[in-house]
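Worksheet for the structure shown next.
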Amino acid sequence: MQKLTLKKAILGIFVAINAGLALYYIFVLAPQQRRILMPPPSASSASETPGSPDPDSIRETIASEVGAYLSSQLQSRDAKALEVPEAMERIWPDLYNVFKKYQEPQNYKLGTEEEQLIYDYLLGDASRAESTFKQLSRTLCFECMDRVWFKCKATADGISCPPDVICPVSGQPYQASITELSCPFHGQILTFPDRTPRPSLPELYPQLCMGYFTHNRTHRLDEAILRDPIASAKPGETVLDVGSGVGCYVWAMREAVGETGCVIANDVDTTVLDFIKFVAEKRGFTNVQTVHASYDYPNIDIKSVDRVYIIDVLNVMIGMEIKNNLPPSEQADSYMQKLVQAIRPKGKLVIIDFPPEGDRPHIPIDQAISFCQKYNMKLQGQRLLTLDQGTMYVLTFSADQP
Ligand SMILES: C[S@@+](CC[C@H](N)C(=O)[O-])C[C@H]1O[C@@H](n2cnc3c(N)ncnc32)[C@H](O)[C@@H]1O
Ligand SMILES: [Zn+2]
């Protein structure tokens with residue numbers, strides 16, 4: 001009986017050891033081997049293969065393919081024939097066709113006038129193409145630095161970042177110091193802890209990359225700009241588009257005010273204004289002007305405009321403060337005071353923005369209304385526009401000054 005129990009115990013230990021080894025293999029060794037044996041995910045298969053959804057590594061792979069392409073364009077004057085990587089479509093879908101045309105000018109036709117304008121502006125001659133490739137390479141590198149920043153940790157000795165993070169264009173590692181992360185190749189810096197980029201990136205290329213100047217985006221607000229009885233611009237008006245970006249709504253505004261009216265696009269970023277000037281010239285519009293604003297000063301004469309549009313900009317100006325229950329910054333306050341002074345008696349202010357969703361610092365309608373009321377704006381009308389993706393609110397205020 002004792003012998004039997006001993007045998008059972010030995011058998012039990014044997015089974016337990018084997019089971020332990022098997023589990024160790026299944027959960028620890030095998031996955032490690034799989035990681036070693038598996039090739040890095042390719043840009044096209046990575047997102048589709050179930051079980052390999054590490055979005056960061058997919059983005060790194062895409063960035064390195066596009067980085068290699070941009071780097072080849074920068075190195076060789078004869079790099080036109082090089083394949084535009086499919087990965088380009090994943091990060092900058094609106095530029096993809098434009099680059100395909102650059103690669104195969106004879107065979108590749110652009111679909112819309114907007115695409116043609118972007119092509120002419122970015123790649124229309126050798127010096128434009130060179131500065132575009134430089135700018136895009138900085139933009140891509142900056143996006144990677146921004147992702148790396150989230151993986152860095154503050155330690156007693158300074159900032160510690162993962163060791164293998166490299167610039168996707170030059171292949172050189174980023175450098176981390178106590179206060180900043182930098183790319184030695186592009187000479188750009190991201191500071192800790194506030195994440196301010198230096199030199200600050202012009203927004204043009206990101207905005208064109210994000211598809212800001214495309215047919216769909218331009219036309220989805222036509223309802224508010226052209227056809228709304230209260231919010232739309234009227235023939236002969238002088239209209240100001242605050243924070244116009246690349247100007248995707250400037251052209252509908254220009255259509256609404258007609259030949260006798262005028263559209264002024266202002267922005268803090270001169271590169272987006274440069275694109276608007278280029279498009280206005282191509283379209284032969286002499287009544288579209290651009291004005292360089294600063295964060296505390298819209299740079300518009302007193303009582304000189306009939307209608308002001310602020311489209312997808314209020315959230316940039318005061319969104320973080322509203323989200324954190326803080327008062328708007330002094331800059332934003334000074335900007336608004338001067339902006340309101342620029343509106344003629346009985347002129348209008350139209351705010352078009354997204355209601356809050358997720359973490360983005362968008363402003364609830366009631367807070368946008370009470371913000372404008374502080375500057376003596378009287379609410380005249382509000383409506384919601386249903387767009388392909390989500391909703392935007394349209395708030396029209398009357399300046400109603402004596
Ligand atoms: C999210 S984009 C929106 C662009 C455009 N309104 C649109 O909807 O396509 C925000 C724009 O506002 C500009 N901006 C931010 N603060 C500004 C300010 N105080 N004055 C003028 N432009 C500003 C930025 O440079 C950027 O072009
Ligand atoms: Zn770089």
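Put a plus charge on the Cβ of each Lys and Arg, a minus charge on the Cβ of each Asp and Glu, and nothing anywhere else: the dipole of the chain about its Cα centre is then about 1100 debye.
Computed from phi, the 3J(HN,Hα) profile of segment 193-210 under the Karplus parametrisation 6.51, -1.76, 1.60 (θ = phi - 60°) reads x, 8, 6, 7, x, 9, x, 5, 6, x, 8, 3, 5, x, 5, 5, 4, 7 Hz, with x in place of Gly and Pro.
With no solvent and one equal point scatterer placed on each C-alpha of segment 212-398, evaluate the Debye formula and give log10 I(q)/I(0) for q = 0.13, 0.14, 0.16, 0.18 Å⁻¹, two decimals. With no solvent term, the Cα-only Debye profile gives -0.62, -0.73, -0.98, -1.28. Residues whose amide H lies under 5 Å from that of residue 311, counting only those 5 or more places away or on a different chain, are 242, 352; hydrogens are built 1.01 Å from N in the peptide plane. The convex hull built on the alpha-carbon positions of the chain has an orientation-averaged projected area of 29.0 nm². Membrane-span-like helices in the chain, defined here as complete DSSP H runs extending at least 18 Å along the helix axis by their C-alpha atoms with mean Kyte-Doolittle hydropathy no lower than 0.5, are 2-24; this is a sequence and geometry rule, not a statement about a membrane. Considering only 237, 203, 321, the mean-square fluctuation computed in a Gaussian network model of the chain, springs between alpha carbons under 10 angstrom, is largest for 321.
By other beta-carbon atoms within 10 Å, ranking 249, 212 with the fewest at the front produces 212, 249. In the structure shown, the pairs 348/374; 303/338; 277/348; 277/346 are assessed against 18 Å; a Cα-Cα span above that value is assigned to 277/348; 277/346. Averaging Cα coordinates gives a centre for segment 345-379 and one for segment 83-104; these two points are 38 Å apart.
A dipole drawn for the chain from +1 and -1 charges on Cβ atoms has a positive end, and of 137, 218, 233 the residue lying farthest that way is 137. For residue 264, the residues whose amide H sits under 5 Å from its own are 239, 240, 241, 289, ignoring neighbours fewer than 5 places away on the same chain, with H placed 1.01 Å from N.
No value in this document is a laboratory result; all are computed from the given coordinates. These numbers were taken from a predicted model, which means no experiment stands behind them. Because the Cβ atoms are built from the backbone with ideal geometry, glycine has one as well, and the counts that use them run over all protein chains shown.
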